[in-house]
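Everything on this sheet refers to the single structure shown next.
Read-outs: derived from the displayed coordinates by stated rules, not from any lab. Since the model is a prediction, treat every value here as computed from it, not as a measurement. Neighbour counts run over all protein chains shown; Cβ positions are idealised from the backbone, glycine included.
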Number of protein chains: 2
Amino acid sequence: MKAEIITIGDEILIGQTVDTNSAWIGSELSKLGFEITQITSIPDRRESILKILSEVTGRADVVIITGGLGPTSDDITKQTLCEFFNTTLVTNQEVLGMIELMFQRRNLPMTENNRRQADVPASCRVLFNAAGTAPGMWFEKGGTIFISLPGVPLEMKYIMNEHVLHELKKRFSSRIIIHKNIMTYGTFEARLAELLVDFEAQLPSNIKLAYLPSLGIIKLRLTGSGNNLVELSKQINEQVQKLYATIPDYIYGEDEETLEMVLGKILKEKQLTICTAESCTGGMVAHMITSVPGSSTYYKGSVIAYDNSIKKNILKVKEKTLKENGAVSREVAEEMAAGALKLFDCDFAVATTGIAGPDGGTPEKPVGSVWISVASKNGVTAEKYQFLHDRETNIKHFSIAALNMLRLRVLVK
Amino acid sequence: MKAEIITIGDEILIGQTVDTNSAWIGSELSKLGFEITQITSIPDRRESILKILSEVTGRADVVIITGGLGPTSDDITKQTLCEFFNTTLVTNQEVLGMIELMFQRRNLPMTENNRRQADVPASCRVLFNAAGTAPGMWFEKGGTIFISLPGVPLEMKYIMNEHVLHELKKRFSSRIIIHKNIMTYGTFEARLAELLVDFEAQLPSNIKLAYLPSLGIIKLRLTGSGNNLVELSKQINEQVQKLYATIPDYIYGEDEETLEMVLGKILKEKQLTICTAESCTGGMVAHMITSVPGSSTYYKGSVIAYDNSIKKNILKVKEKTLKENGAVSREVAEEMAAGALKLFDCDFAVATTGIAGPDGGTPEKPVGSVWISVASKNGVTAEKYQFLHDRETNIKHFSIAALNMLRLRVLVK
């Protein structure tokens, strides 16, 4: 059960559009048990389209094609499909009626270009598109199913959901694929791989493990295939339990959970409130926390103390502490967290002070160093971290480290 | 001058990762005058990698390959490149030294997996990667240049910028292409296109105009081609002057300038200081301002008043104002800005209060509405904006609108 995806459009190749359709289609087809063997993006050019259509015939069971179905002259997919499938364009009266109705409802005049959207290759099965004017088309040739869809994500998804996915499921339901993600933070990929050597060695042959790192967060993806959903789910679940037993300190969540989502869940459960005091992260920690819908139930606010005068006047960091230790120090981080805890009257406060770069580093405190402190009624702790990136990435790393430190402290409360 | 892009990684095919690398690479290579003829995404599988490498040999002048260079067992690009180029892995001492140094600096133990990152095919030219541990590799075969890069966007971009782009430019420079971007904010694409009808009509045939909208910011990109650099620069410059004359109110900067960068430039020039008071934007405005290196010279800090108690206790918004008008109102926005101005003792303060969603909207104050206020010693102004997006996008739109309102006020001071 092999599937391929073809996306057509000059805008993809010159990078004006990021191709998000392929990821969505790949994910949906994977869930049905298809193995996605290739994604190909090609320009709106007759020869390129004909070439890839020939290549995939017989090689894939299903090919999803998106793009090139617009009303303007640069879109040539439909004519080229006619050439490839040896057929001609005919007006589909049902589609024409739907387009006319759509324009009537919106009180807009119809152009010749719009009318031409109802022309479809005579040999295809038409997939109606209530989300737009270009219909989808279903062809079969040489043992391969070809499905051509508009490139507009909303329209593509509409036709996939309404017409394509359940029909493919009916025709190809045999092998089942399950993906399960375990989210980790706190160590790097090579170290995790060492800790998981035995785990990887004992994995049954139908389950694969992949490491997907991003900004210190490593997603462990288990992919299992089988014939029996219950059986396979049980198998995957066993492996997940083994992961929890092997690396308990590094796992913070599952599937697409972010640290801020997990933190929010714990805070809601425990009915705790938090606040932040940020220097070098300049609002990023607050932004991540408040990106979670409903965060207003546990997040009270922040002081961003970019200037030292703000650290003193609002967060009540002592002049002496700043002078003796410098702004980037354990002592200042701790006084910032303690000051915020009091000012906002919360259960927990997290504070950051560091050097994001590109300037401001010294041999003792290089760019990328940060002190993070967490304060609660039970006391204040602080930790130092060192990253080695550009300003933007350092700020993200600092913020993720702060969220994780806060999460760990809130967990044990 | 044909180029192709190959991205390797199971996570792309099953849709867990959206391939953003291809768009970035496609855009950069286009700027150098390359025609991108195909983008192909394939799984981490030996046969798939060997097959596509054979196909592109001789067909493209340059092939950029990303992904599959991690330290874990699922990454097999390096071994497969050895097979294709008929060579073996050898340890590169320089790369090993850099990796060792990186681990020393971070005080972390090095593993065998990390050490293996320094193994490279003997026949390649190594492209050093200061942004990570996996180096890039440059091969040539059958008239085609193959460049293999890590899939982590940050590392891929580092090596492209440091090692690849200028070398490709040197080797393939024939026709001269100049891109010039004019950055606008404050109106929508269709309106801008109306205003620029005459401008577009008078453009010489070797200069094209493209509209690239993102979050209310519309980048106008002029692309000119020619044989004489001085001549072409002069031509482009003339068109830029015409744009300034036609839409003066909407242009805020050039090339890749962001609103926060332009704001920072003006503040430095005028030696002014600013602060922020954020409710619904939850730190995003502060984050954007502090993403600019050197922002500490003009940015003092922020109060994020997510909870109404913080608006009252710290920003000194009156209880009565909150009760009579609600938190999302002109009056509260203005008192927040005025309160922050006093608290931080700055020249300008900007405040936001709105409803990002998904919950919290009412018929009178729907999700996506925001009041933004700017205060200075000359008085306080406020404006209401309405957006219609999801939480994340609303927060970004609110923040960009706030930065622009602050920029316009600071400009006329």
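Figures for the structure shown
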item	result
Segment B:208-255: relative contact order in percent, alpha carbon pairs under 8 Å with at least 6 residues between	21
Stokes-Einstein D (µm²/s) once Rh is taken as the Kirkwood radius of segment B:176-254 over alpha-carbon pairs, at 25 °C in 0.890 mPa s	192
Alpha-carbon centroid distance for the pair segment A:1-41 / segment B:154-201, whole angstrom	26
Label spacing, shortest first and in nm, from B:Thr88 to its equivalents in the remaining copies (7 angstrom along Cα→Cβ)	6.5
Estimated [θ] at 222 nm from DSSP helical runs (n ≥ 4, -39500 (n - 2.57)) normalised by residues in chain B, nearest 500	-11500 deg cm²/dmol
Bins of 20 Å, starting at 0 and running to the largest distance - Cα pair percent for chain A	22, 38, 32, 9, 0
Rounded if a/c under 1.5, otherwise prolate or oblate - segment B:1-52, Cα gyration tensor axes	oblate
Separation in nanometres of the label points that stand 7 Å from Cα toward Cβ, at B:Glu257 and B:Leu50	5.5
Whole-Å semi-axes of segment B:210-346's equivalent ellipsoid (Cα gyration tensor)	41, 17, 12
Copies compared at A:Glu112 - label distances in nm, ascending, label defined 7 Å from Cα in the Cβ direction	7.2
Residues whose placed amide H lies under 5 Å from that of A:Ile304, excluding near-sequence neighbours	A:Glu278, B:Ser302, B:Val303, B:Ile304
Label-to-label distance, nm, for residues given as B:Lys320 and B:Asn206 (7 Å Cα→Cβ offset)	7.0
Under 18 Å from the Cα of A:Lys311 - lysines, other chains or at least 8 residues apart	A:Lys320, A:Lys323, A:Lys342, B:Lys300, B:Lys342
Cα-centre dipole for the protein assembly as shown with unit charges at Cβ (Lys and Arg positive, Asp and Glu negative), debye to 20	1600
Size of electric dipole in segment A:307-410: Cβ of Lys, Arg +1 and of Asp, Glu -1, about Cα centre, debye, nearest 20	240
Of every Cα-Cα pair in segment A:305-400, the percent that sits beyond 19 Å	39
Kirkwood hydrodynamic radius of the protein assembly as shown, from inverse mean 1/r over distinct Cα pairs, in Å	29.2
C-alpha center-to-center spacing [segment B:320-367, segment A:230-265] in angstrom	40
Segment A:373-387 - phi-based ³J(HN,Hα) in whole Hz, Karplus 6.51/-1.76/1.60, Gly and Pro as x	10, 10, 10, 8, 4, 8, x, 10, 10, 8, 9, 9, 10, 10, 10
Residue mean of other protein chain beta carbons inside 10 Å, A:287-296	6
Whole-Å semi-axes of segment B:255-330's equivalent ellipsoid (Cα gyration tensor)	29, 12, 11
Evaluated at q = 0.20 Å⁻¹: base-10 log I(q)/I(0), Debye formula over Cα of segment A:2-172	-1.45
Listed peptides B:199-207, A:178-186 by packing density, highest first (mean Cβ within 10 Å)	A:178-186, B:199-207
Positive-end residue of B:Leu53, B:Thr80, B:Pro121, charge dipole of segment B:48-149 with Cβ unit charges	B:Pro121
Point-to-point label distance, A:Gln241-A:Leu101, nm (Cα→Cβ direction, 7 Å offset)	5.4
Relative contact order computed over segment A:279-413 (Cα-Cα under 8 Å; 6+ residues apart), in percent	23
Copies compared at B:Val412 - label distances in nm, ascending, label defined 7 Å from Cα in the Cβ direction	5.6
Debye, to nearest 20: dipole size of chain B, +1 on Lys, Arg Cβ, -1 on Asp, Glu Cβ	1000
DSSP H segments from chain A that extend 30 Å or more along their own axis, Cα-based, with Kyte-Doolittle mean of -0.5 or above	A:391-412
